[in-house]
1. How do Met1, Met82 rank by accessible surface area computed with a 1.4 Å probe, from largest to smallest?
2. Keeping all protein chains in position, work out how much accessible area Asp61 exposes to a 1.4 Å probe, and write it in Å² to the nearest 10.
3. Would you grab the residues whose amide H sits under 5 Å from the one on Leu120? Only those 5+ places off in sequence or on another chain, please, with H modelled 1.01 Å from N.
4. To the nearest 0.05, what FRET efficiency results for Ile23 and Ala65 with a Förster distance of 22 Å applied to their C-beta separation?
5. If Leu9, Leu131, Leu46 are ordered by their accessible area, calculated over protein heavy atoms with a 1.4 Å probe, which sequence runs from highest to lowest?
6. I'd like the Karplus ³J(HN,Hα) series for segment 55-67: coefficients 6.51, -1.76, 1.60, θ = phi - 60°, whole numbers in Hz, and an x wherever there's a Gly or Pro.
7. Taking the Kirkwood radius as the inverse of the mean 1/r across Cα pairs, report the Rg/Rh of segment 1-96.
8. Could you sort the peptides 19-25, 52-58, 87-93 by per-residue average Cβ neighbour count (10 Å cutoff), highest mean leading?
Amino acid sequence: MLSAPDKALLVKLFYMNEESATIALRKFRVQKNVKSGKGPLTPAGLLKLVKRFEETGKLEDRARAGRPCLKEARAPCIVVEMEAIASEAASRTSSAREAARRLGLPPSSVRNILRRILQLYPYKLQSCHELLPADTAQRKHLRSGPSVKGNRIPPGFLTFCG
């Protein structure tokens, strides 16, 4: 497979040598120290490359058939949909599954785009109790430990985020 600079050099040599594919390939082999007969392309392959360059103006390979890869083009629509879901929810949370349903994409693709392209990772928020300055005395009393059976710890008072 040829790199982009090598393809550019071949097209340049083609036009510099009166549009002769054979001469262009020969000069390319000399410049790159490639054994004769072992070139990267045949003359017909070089003519195809030049034709594609004239049609598209690019030296890149054409898109191949098959499953499309994760494109950065899909990322903006996923971001917009995630924000729309978050704005609708009372708790300002968003769901990758819901975004996948709305966009008609597989949930795994949405998760992969969120992780790999957007660097967004799932997490859960837990509600924690705010410790106020007035709670200091009660906390000191609980820290020393309930020594009498009648002492009860208020439910949810010692809930910590983990």
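1. Met1, Met82
2. Here the residue's solvent-accessible area equals roughly 70 Å².
3. Arg115
4. 0.05
5. Details: Leu9 40, Leu131 90, Leu46 0 Å².
Highest to lowest solvent-accessible surface, that is Leu131, Leu9, Leu46.
6. 6, 9, x, 10, 9, 6, 5, 6, 5, 9, 6, x, 5
7. Rg/Rh: 1.36.
8. Values: 19-25: 17.4, 52-58: 11.4, 87-93: 9.1.
Going from most to least packed, we get 19-25, 52-58, 87-93.
The values are calculated or read from the model by the stated rules, or taken from the named source; none is laboratory data. As the structure is a computational prediction, the values presented were derived from the model and not from experiment. Note that each Cβ is placed from the backbone with ideal geometry, even for glycine, and that neighbours are counted across all protein chains shown. To get the accessible areas, we keep the full protein, side chains included, count just its heavy atoms, and leave off ligands, DNA and RNA. Shrake-Rupley method; radii C 1.70, N 1.55, O 1.52, S 1.80 Å.
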